[in-house]
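Following: one structure in structure tokens, then a few remarks.
The values are calculated or read from the model by the stated rules, or taken from the named source; none is laboratory data. Just so it is clear, the model here is predicted, and its values are computed rather than measured. Every residue, glycine as well, gets a Cβ built from its backbone with ideal geometry; the counts of neighbours run over all protein chains shown. Heads up: the accessible areas ignore ligands, DNA and RNA and are worked out on the full protein's heavy atoms, side chains in. Shrake-Rupley method; radii C 1.70, N 1.55, O 1.52, S 1.80 Å.
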Amino acid sequence: MTRSVDYDRIATTYDRRYQQNDYSGVEAALIAFVGEHFDQRVLEVGCGTGHWLGLFCGRGIRVTGLDASAQVLAYAKTQAPKATLALGCAEHLPWTSDSFDRVFCINAFHHFQDKVAFLTEAMRVLRPAGLVMTVGLDPHAGVDQWYIYEYFDNVLEIDRRRYPASSQIREWMRAAGFADCVTHEIQHMPIRFAARTALEQGRLDKSATSQLSVLTDEEYRQGIDRVREAIESAEVGGESLCLSADLRLYATFGAVPSRVKETGAV
């Protein structure tokens, strides 16, 4: 069964993740990826609420964001008022060839229905020597631990269907014509907090992360019941249950070979 997230429904609460979690590694990687050339044109595909576009709006860099949700784009206008925003899908980018110097997507690539088509489109809209970057989890690596995987049935299996392995992304990039395709771990995210506090702060709300949003209401309820039962069991013994995670975010890069673009081979 294909699992998808209705971002129109969770647009108003989506940005809580940036208040509750540390994404400094992602921010540093993105700033290094875009660089300091103010004449560049940068496109974020799956821009969501505009959090990452907002990093560059005051730096003179021309940023553009595309998303399939009208509701999150409405919110993005407040987060990145100087950005150009467009409603559309990743597989059919509404720009002419050679329009951008950088194309990136952060925690969005796994949502695209046809990931190969997106990378083909990224190659088309990038200029010679342009770069593409995707950022996301790699649940195929087998190194991550997460309380969501522990308490909510089938979430890890669902993630392995939604997220391609980093090696697969590099293979698709090369097939689309990109060169120098590499993957780097850009952020290690160890997390630990009291379970009862997490419930009170909304960290386990269904809209808190796409891993919970893709669950049916019954699947989600069963997982929450397990968390509550574990909390009560710990407190009966005079202890406080903690939820922990140990996650890694990976960035995969590809470069447009200048000579290929110039000869019209792509």
Close pairs from the stretch 67-89: first over 20 Å from Phe118 (Cα atoms), partner of a type outside the set (Ser, Thr, Tyr) and in a helix (DSSP H, G or I), Cβ under 6 Å, at least 6 apart: Gln71/Asp8; Gln79/Gly54; Ala80/Leu53; Ala80/Gly54; Ala83/Leu53
Residues (open to solvent by less than 50 Å² (accessible area, probe 1.4 Å), under 17 Å from Phe100 (Cβ atoms) and assigned to a loop (DSSP other than H, G, I, E, B)) located in the stretch 26-49: Gly35, Gln40, Gly46, Cys47
Among residues of the stretch 128-142, those that are modelled with pLDDT of 95 or more, in a loop (DSSP other than H, G, I, E, B) and not charged (D, E, K, R), counted: 1
Any hit, the stretch 253-263, residues being more than 21 Å from Phe100 (Cα to Cα), open to solvent by 30 Å² or more (accessible area, probe 1.4 Å) and not in a helix (DSSP H, G or I): no
Answer from Val227, Val182 - the residue that is of a type in the set (A, V, I, L, M), at pLDDT 95 or above and over 19 Å from Gln145 (Cα atoms): Val182
Subset of the stretch 80-127 [assigned to a helix (DSSP H, G or I) and β-branched (Val, Ile, Thr)]: Val116, Thr120, Val125
Candidates Phe152, Phe100, Phe118, filtered to the one that is at pLDDT 95 or above and under 27 Å from Gln222 (Cα atoms): Phe152
Sole exception among (1) surrounded by fewer than 15 Cβ atoms within 10 Å (Cβ to Cβ); (2) assigned to a strand (DSSP E or B) for Arg161, by number: (2)
